[in-house]
1. Which of the residues belonging to segment 69-95 are out of contact with any helix residue (DSSP H, G or I) (no Cβ under 7 Å at 6 or more places or on another chain), within 16 Å of I112 (Cβ to Cβ) and among the hydrophobic types (A, V, I, L, M, F, W, C)?
2. Hey, any hits in segment 134-149 for a residue that's farther than 21 Å from S56 by Cβ, surrounded by 15 or more Cβ atoms within 10 Å (Cβ to Cβ) and out of contact with any His (no Cβ under 9 Å at 6 or more places or on another chain)?
3. With respect to the numbered conditions (1) surrounded by fewer than 16 Cβ atoms within 10 Å (Cβ to Cβ); (2) outside any helix (DSSP H, G or I); (3) in contact (Cβ under 8 Å) with a residue 40 or more places away in the chain, which one is the sole condition not fulfilled by C106?
4. Note down all Cβ pairs under 9 Å where the first residue falls in segment 22-34 and is at negative phi and part of a helix (DSSP H, G or I), the second is buried (at least 17 other Cβ atoms within 10 Å of the Cβ) and at pLDDT 95 or above, and they're at least six residues apart or on different chains.
5. Kindly indicate whether L139 is touching a Lys or Arg at 6+ places or on another chain (Cβ under 9 Å) and closer than 16 Å to L14 by Cα.
6. Give I111, I120 a once-over and let me know the one that is β-branched (V, I, T), more than 14 Å from the chain's Cα centre (by Cα) and modelled with pLDDT of 95 or more.
7. Step by step: first the residues of segment 72-102, then only those that are part of a helix (DSSP H, G or I) and touching a residue at least 40 places away in the same chain (Cβ under 8 Å), then the one that is farthest from A122 (Cα to Cα). Which residue is that?
Amino acid sequence: MKIQIGSDHAGFGLKTLIAGFLSKAGHKVSDSGAGSASVPVDYPDFAAAVARAVASGKAERGIVICGSGVGACITANKFKGVRAAICHDTYSARQGVEHDDMNVLCLGARIIGEEPAKEITAAFLGAKFSGEERHLRRLNKVKKYEGENFK
């Protein structure tokens, strides 16, 4: 699977670990940065790069990592066609794909450890959207709301 991954400085270490884990599992991993943990950078820049890759079809799924996962998730969800969620357990990572067609996983590097992060990532990538009528109906509503503008 083609995976786009990115992080800010707070998520750099976990991003590096997850990218290696994915490569060893046979996935094609593209890294949107950051390039270091020592230089503070802004999470929206990296979350946006991952979201654009997923929204454009360049990547099948994305993973964004920041300190809490919150800022990266908020940013990624601003892009049409992106369905991002913070998952710090395997059930949410799997169910988010199966029921909601989640395509971007958000992780908080300051929240979870390395082994749980690998397990969560594996659950996310191993899951497939169910396509069940009720899930399609709900997904279509989400897509409809995505285009609405409120002023």
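1. Of everything in segment 69-95, those that are out of contact with any helix residue (DSSP H, G or I) (no Cβ under 7 Å at 6 or more places or on another chain), within 16 Å of I112 (Cβ to Cβ) and among the hydrophobic types (A, V, I, L, M, F, W, C) turn out to be V70, C73.
2. No - not one qualifying residue is present in segment 134-149.
3. So the condition that C106 fails would be (1).
4. Note: pairs meeting the criteria are L22/I3; L22/I5; L22/V29; L22/I63; L22/T121; L22/L125; S23/V29.
5. Working: touching a Lys or Arg at 6+ places or on another chain (Cβ under 9 Å): yes; closer than 16 Å to L14 by Cα: no.
Criteria not met by L139.
6. Going through I111, I120 in turn, the sole match is I111.
7. A72
The values are calculated or read from the model by the stated rules, or taken from the named source; none is laboratory data. For clarity, every value in this text was computed on a predicted model and none was experimentally measured. Methodologically, a virtual Cβ is constructed for each residue, glycine included, from the backbone with ideal geometry; neighbour enumeration extends over all protein chains shown.
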